[in-house]
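Report on the structure given below.
The values are calculated or read from the model by the stated rules, or taken from the named source; none is laboratory data. Not measured: the values here are computed from a predicted model. Cβ atoms come from the backbone with ideal geometry, glycine included; neighbour counts cover every protein chain shown.
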Amino acid sequence: MMKLAKEAIKNMLSPPATRKYPKIKPKLPENFRGKIEHFPEKCTYCGLCEKNCPSNAITVDREKKTWACDYGKCTFCSQCEEDCRKINKCAIKLTKDYELAKKNKNFKV
Ligand code: SF4
Ligand code: SF4
């Protein structure tokens, strides 16, 4: 019982372990992988990122020259970024943007 009381008093006097998000944002690590940024001017719409995406999150339309990512499926593995870099296009970059909550689950970028 004493042990429990001691622990309770210790916790009452300590600062909270949680952050006051969204007022206080977390410090992100250098290699953090967040929302994907696609650069249409660099993209050739080759479809490599779509083919290799393990989550089937990317849709590329070669004819219409459109590129879209379904964030309901994306696991932020960065395979697409690596593939695109391999073919020297660099049309995809994972940013540090992690605030992706949307009201519509079919949200695509
Ligand atoms: S791999 Fe790169 S160049 Fe090819 S479709 Fe994807 S983003 Fe565009
Ligand atoms: S980060 Fe991974 S899961 Fe997300 S679109 Fe790219 S390859 Fe697919």
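Residues that are more than 13 Å from ILE92 (Cα to Cα) and more than 9 Å from ligand 2 (Cβ to nearest atom) within region 47-58 comprise just one, LYS51. Among the criteria (1) in a loop (DSSP other than H, G, I, E, B); (2) modelled with pLDDT under 95, the one ARG33 does not fulfil is (2). Being in contact with a Ser or Thr (Cβ under 8 Å, 6 or more places away or on another chain), in a loop (DSSP other than H, G, I, E, B), within 28 Å of ASN106 (Cβ to Cβ) and free of Cβ contacts under 8 Å to residues at least 40 places away in the same chain is a condition met by at least one residue of region 75-89.
Filtering region 1-45 to residues that are of a type in the set (Val, Ile, Thr) and surrounded by 10 or more Cβ atoms within 10 Å (Cβ to Cβ) leaves ILE9, ILE36, THR44. Restricted to region 54-97, and to residues that are closer than 25 Å to GLU30 by Cα and among the small types (Gly, Ala, Ser), which residue is modelled with the lowest pLDDT? Ranking the candidates gives GLY72 first. Kindly list, by first and then second residue, each pair from a residue in region 35-56 that is aromatic (Phe, Trp, Tyr) to a residue that is assigned to a loop (DSSP other than H, G, I, E, B) and within 13 Å of ligand 2 (Cβ to nearest atom), limited to pairs with Cβ atoms under 6 Å and residues at least 6 apart or on different chains. From region 35-56, the pairs are PHE39/ALA91.
Scanning region 32-74 for residues that are of a type in the set (A, V, I, L, M), under 17 Å from LYS102 (Cβ atoms) and in contact with an Asp or Glu (Cβ under 6 Å, 6 or more places away or on another chain) yields a single hit, ALA57. The condition (being touching a residue at least 24 places away in the same chain (Cβ under 8 Å) and either near ligand 1 (Cβ under 10 Å from one of its atoms) or farther than 19 Å from CYS90 by Cβ (or both)) is satisfied by just one residue among LEU4, LEU28, LEU13: LEU28. None of ASN31, ASN52 is in contact with a helix residue (DSSP H, G or I) (Cβ under 8 Å, 6 or more places away or on another chain) and not hydrophobic (A, V, I, L, M, F, W, C) except ASN52. Just the residues that are hydrophobic (A, V, I, L, M, F, W, C) and either within 14 Å of PRO40 (Cα to Cα) or loosely packed, with under 13 Cβ neighbours inside 10 Å (or both), please, taken from region 59-109. Residues satisfying the conditions are VAL60, TRP67, ALA68, CYS69, CYS84, ILE87, CYS90, ALA91, ILE92, ALA101, VAL109. When we screen LEU28, LEU100 for residues that are modelled with pLDDT under 90 and not charged (D, E, K, R), the only hit is LEU100.
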